[in-house]
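Here the structure is laid out as structure tokens; the discussion comes afterwards.
Each reported figure results from applying straightforward, stated rules to the coordinates on display, with no laboratory input. Every value quoted in this text rests on a predicted model; they were computed, and no experiment measured them. Every residue, glycine as well, gets a Cβ built from its backbone with ideal geometry; the counts of neighbours run over all protein chains shown.
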Amino acid sequence: MKSSLKAALVAVFMTALLASAGVAMAKTVKVNLTSQEIEWQYDNAGSTMTAFTFNGSIPGPVVRVTEGDTIDFVLTNDKDNKNSHSIDFHAARVNVLEEFAPIKPGKEKKFKFKATKPGVFFYHCGSSPMQEHIARGMFGVIIVDPKNDTRPKADREYVLVQSEIYDDPETLQQVPFKHVTFNGRAFRYDPVHDSKASGNMLLAKPGERVRIYFANAGPHEFSAFHPIAGIWENVWISGNPKNELTGVQTYTVAPGDASTFDLISPVPGGNAIVTHSLKGALTGAIAVIVFKEKLTPEEDKLGKDGNYIVK
């Protein structure tokens, strides 16, 4: 009894010591996603398409863990769906024929994996035809924070996922895209170029470090990611702190890739975050970020405490 009590006390002491030293303790994080086939509004005029989603949104929920954590994952394919679905985590190293295999409507897939590399990673449905499932919106982002993060602390954090909208996602190889979007809707954050936009924009204060976790879902187009009237303070390729660039004007992100971008504006006003492949930008891939000296209490919540995606 005494030895077990002593061991327990030592364990508690070591946990407290490591925590006080700023060392992240590995943990198991439960993640549950449900495949849902829904009608999704892809522009500000109210046009809809049949979308394949994780948890009914485009992009799917942001998953956030720390390097070394174990993800205990469950995928449920809603019984009312018509198609098989699956998950492909770019942060995972597993057996593609097992963990990433598709499941039929009404079934579940369970597996675990360890997040061994820090960064920002794409996740998506890998069921056939993969291009259709991605084009219909079945994707999201997983952030793996470094155990010992040497980067400057961000004041705000946003997630943007670029993707293409096609008139017929089943034959997208043969037709050009209709829109390129951020977070599933053309001009979602740009009331400047689309008067029907909701008016929602990314917000920050001058001098704040705004961290953007950016993924390119594709399924085909590259992104020339650029902040008009700004310069990327830092770019971390794949979001890994070891892959650092500074003072970058435009950085190319391929389909299926992701990177982390920091932006600081020394002055009030706005930047327009775009793909500098302008056909993509002018069909919907523009997000306005406004830097204001004073924000309302509601505005000040944007980009903080897990509010990564502006609605």
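Tell me, what ³J(HN,Hα) does each residue in segment 232-248 have, in order and in whole Hz, if you take phi through Karplus 6.51 cos²θ - 1.76 cosθ + 1.60 with θ = phi - 60° and put x for Gly and Pro?
Here the 3J(HN,Hα) series is 5, 4, 9, 10, 10, 5, 6, x, 7, x, 6, 9, 9, 10, 10, x, 9 Hz.
Looking at the chain as a GNM with Cα springs under 10 Å, which of Asp300, Asp88, Asp190 has the largest mean-square fluctuation?
Asp300
Please list, ordered by chain and number, the residues whose modelled amide H lies under 5 Å from the amide H of Asn243; skip anything fewer than 5 residues away on the same chain.
For Asn243, the qualifying residues are Ile237.
What value, in deg cm²/dmol to 500, does the helix sum -39500 (n - 2.57) over DSSP H runs of n ≥ 4 give at 222 nm once divided by the residues of the chain?
Details: 3 runs with 29 residues, N = 311.
About -2500 deg cm²/dmol.
HN-Hα J couplings of segment 256-265 from phi, Karplus 6.51/-1.76/1.60, θ = phi - 60°, integer Hz, Gly and Pro as x?
These are the phi-based 3J(HN,Hα) values: x, 10, 7, 8, 10, 10, 10, 10, 10, 9 Hz.
Based on alpha-carbon centroids, what's the gap between segment 261-292 and segment 68-87 in Å, whole number please?
Answer, in whole Å: 34.
Please work out the Cα center distance from segment 95-156 to segment 192-207, rounded to the nearest Å.
With segment 95-156 and segment 192-207 each reduced to a Cα centre, they are spaced 29 Å.
Among Met130, Val94, Gly303, whose Cα projects farthest towards the positive end of the dipole of the chain, with charges put on the beta-carbon of Lys, Arg (+1) and Asp, Glu (-1)?
So the residue furthest toward the plus end is Val94.
Please label the shape of segment 193-311 as rounded, prolate or oblate, based on the square roots a ≥ b ≥ c of the eigenvalues of the alpha-carbon gyration tensor (a/c under 1.5 means rounded; beyond that, a/b larger than b/c means prolate, else oblate). Please report the intermediate quantities before stating the final value.
Numbers: a/c = 1.62, a/b = 1.23, b/c = 1.32.
Taking the square roots of the gyration eigenvalues as a ≥ b ≥ c, segment 193-311 is oblate.
Note the direction-averaged projected area, equal to a quarter of the hull surface, for the Cα convex hull of segment 100-154, in nm². Mind dumping the intermediate values first?
On the way: hull surface 22.6 nm².
Averaged projected hull area, Cα only: 5.6 nm².
Using the 10 angstrom Cβ neighbour count as an exposure proxy, how do Lys242, Lys79, Lys147, Lys205 rank, fewest first? Provide the component values of the computation, followed by the final result.
Working: Lys242 12, Lys79 9, Lys147 15, Lys205 18.
Going from least to most buried by this count: Lys79, Lys242, Lys147, Lys205.
Considering only Ile231, Ala197, Phe73, whose Cα is most displaced toward the positive end of the charge dipole of the chain, charges sitting on Cβ of Lys, Arg (+1) and Asp, Glu (-1)?
Result: Phe73.
Between beta-carbons, use under 11 Å as the cut-off and find the net charge around Asp305, counting Lys and Arg +1, Asp and Glu -1. All intermediate terms of the calculation are to be shown ahead of the outcome.
Details: positive: Arg156, Lys301, Lys304; negative: Glu157, Asp300.
So the surrounding residues net to +1.
Rounded, prolate or oblate: which fits segment 43-152 when a ≥ b ≥ c are the square roots of the eigenvalues of the alpha-carbon gyration tensor, with rounded for a/c under 1.5 and prolate only if a/b beats b/c?
On the way: a/c = 2.42, a/b = 1.40, b/c = 1.73.
Oblate shape, in that a/c is at least 1.5 and b/c is the bigger or equal ratio.
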